[in-house]
1. Keeping to region 12-30, report how many residues are free of Cβ contacts under 8 Å to residues at least 12 places away in the same chain and more than 10 Å from the chain's Cα centre (by Cα).
Amino acid sequence: MAWLKVQAPNTAAMAAYTNAGFRPAGRLRQAGQWLGEPVDKVLTDCQPATFHTTWPTCALPWATNET
C-alpha cells in the first residue's frame, strides 16, 4: 500500500492522484497552510489492485524499440 497527503485546496494534485488510483482515506483538520490560511490535509491511499499500471506511451526517441 502507498499513501500520500495533499492539502485540500490543491485540486490539481487530488485529480492527478485519483487518476493514478489513490482514494481519500481520511482528513487532518487544519494541519497545513495554503496562502497563509489554515487548511485541511487529505490522506489518500492506494492498494496494489487499484493502482493504474497502464501509462501513456512516451513519444521520446529512447522510449521506442526502433533502431
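The values are calculated or read from the model by the stated rules, or taken from the named source; none is laboratory data. What you see is a predicted model; the values in this text were computed from it and never measured. Note that each Cβ is placed from the backbone with ideal geometry, even for glycine, and that neighbours are counted across all protein chains shown.
1. Count: 2.
Conditions (1) modelled with pLDDT of 90 or more; (2) loosely packed, with under 12 Cβ neighbours inside 10 Å, marked per residue:
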site	(1), (2)
Met1	no, yes
Val6	yes, no
Pro24	yes, no
Leu35	yes, yes
Pro38	yes, yes
Val42	yes, no
Pro48	no, yes
Trp55	no, yes
Cys58	no, yes
